[in-house]
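The values are calculated or read from the model by the stated rules, or taken from the named source; none is laboratory data. Bear in mind the structure is a predicted one, so any value in this text is a computation, not a measurement. Note that each Cβ is placed from the backbone with ideal geometry, even for glycine, and that neighbours are counted across all protein chains shown.
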Amino acid sequence: MNNDRICVSTWSFHNLFTITRYPNAAVPDKDMDVLDFPEIVADRFGVRNIEIVSKHLASTEPSYLAELNSRIAKAKARVINIPIDIAELWDAPSISSPDDTVRNYSLGLYLDWIDRVAPLKPQTVRCDPGVMNLDDLSLTIDSYTKLVAKAKSHGIQLVVENHGIAAAHPEALATVLKATGAGALPDIGNFPDDATRMRGLRAMFPLAKHVCHAKYDPETFDFAKCVEIAKEAGFPGMYSIEAHDDPDPYREVRIIQEQLHANI
């Protein structure tokens, strides 16, 4: 089985981390340690492409990142993407805010995080747009222009996901991407309904070069059809597995991996 275009995200194991555990999820005997993640993914799934959610980093101190880089190298792995998750900016105006103070504060948080995770040499980092003004995207575009430049200074591509409220407006996201040079990070599962999913994937995959998020929920969407849209767009990047709610996340990752083997 060829895993060259398959990646596994730490989000697949979000309930094994105290900081991202859902309220009703079972508490494990021991939390997962990101330092062990590269080896776990390589040994369990034969995958050497990893995605590390920023919240799952125990530290961004140089000594910690150096140890993590050592573990990544030992597993012969590489970091594809780091989604930068900042709780206070979730579905808030943030970098799209008409208030200069709010916008600049939010932008500063993202800019700082890009600097902090750069030593891990991710191909991409993901920053969210906040609540966009759909009638005037200029502030969102201005913020992303700055974020793209900061990421580029580290040799990193800035990507934007259909995440949160923004998932309902894929055409607006595509407009922002085209105006700023940011890349798309299409998430197969993150749409409010299937009609928006079909529109959104067709708008975003032509702008995606590095990574997308692969979820599997056959009761909600046709996984094979979503992958076919990616293929029709000539998507060359990684399918990063994001398991969601299975009590056994290892099982769900394996299911998605098998679906990817069958379809990509």
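Structure notes:
- Qualifying residue in region 198-215 (condition: within 30 Å of Leu16 (Cα to Cα) and without any contact (Cβ under 8 Å) to a residue 12 or more places away in the chain): no
- Residues (surrounded by fewer than 18 Cβ atoms within 10 Å (Cβ to Cβ) and under 18 Å from the mean Cα position of the chain (by Cα)) located in region 224-257: Pro236, His244, Asp245
Here's the yes/no breakdown for (1) free of Cβ contacts under 8 Å to residues at least 12 places away in the same chain; (2) acidic (Asp, Glu):
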| site | (1), (2) |
| --- | --- |
| Ser12 | no, no |
| Leu16 | no, no |
| Thr20 | no, no |
| Asp29 | yes, yes |
| Asp33 | no, yes |
| Pro38 | no, no |
| Val41 | no, no |
| Gly46 | no, no |
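- Breaking point among (1) under 18 Å from the mean Cα position of the chain (by Cα); (2) surrounded by 20 or more Cβ atoms within 10 Å (Cβ to Cβ), for Arg116: (2)
- In a residue-by-residue description of region 66-80, the property of being at pLDDT 95 or above, in contact with a Gly (Cβ under 7 Å, 6 or more places away or on another chain) and closer than 25 Å to Ala149 by Cβ applies to no position.
- Of residues in region 173-202 being of a type in the set (A, V, I, L, M) and buried (at least 21 other Cβ atoms within 10 Å of the Cβ), the one farthest from Ser143 (Cα to Cα): Ile188
- Some residue of region 209-223 being crowded, with 23+ Cβ neighbours inside 10 Å, at pLDDT 95 or above and among the aliphatic types (A, V, I, L, M): yes
- Some residue of region 42-58 being at pLDDT below 95 and closer than 28 Å to Pro249 by Cα: no
- Residue list for region 93-119, restricted to those being of a type outside the set (Val, Ile, Thr) and under 23 Å from Glu67 (Cα atoms): Asp112, Trp113, Asp115, Arg116, Ala118, Pro119
- Which listed residue, of Glu228, Glu219, is part of a helix (DSSP H, G or I) and under 19 Å from Gln259 (Cα atoms): Glu228
- First in region 111-138 and touching a residue at least 24 places away in the same chain (Cβ under 8 Å) and charged (D, E, K, R), second anywhere and crowded, with 19+ Cβ neighbours inside 10 Å and outside any helix (DSSP H, G or I), Cβ under 6 Å, 6 or more apart: Arg126/Pro83; Arg126/Val159; Arg126/Glu161; Arg126/Leu185; Asp128/His163
- Scope region 231-264; condition in a loop (DSSP other than H, G, I, E, B) and β-branched (Val, Ile, Thr); matching residues: Ile264
- Test for Leu35: is it under 22 Å from the mean Cα position of the chain (by Cα), buried (at least 17 other Cβ atoms within 10 Å of the Cβ) and outside any loop (DSSP other than H, G, I, E, B): no
- Residue-level check: of (1) within 18 Å of the chain's Cα centre (by Cα); (2) within 24 Å of Met204 (Cα to Cα), Ala149 misses just (1).
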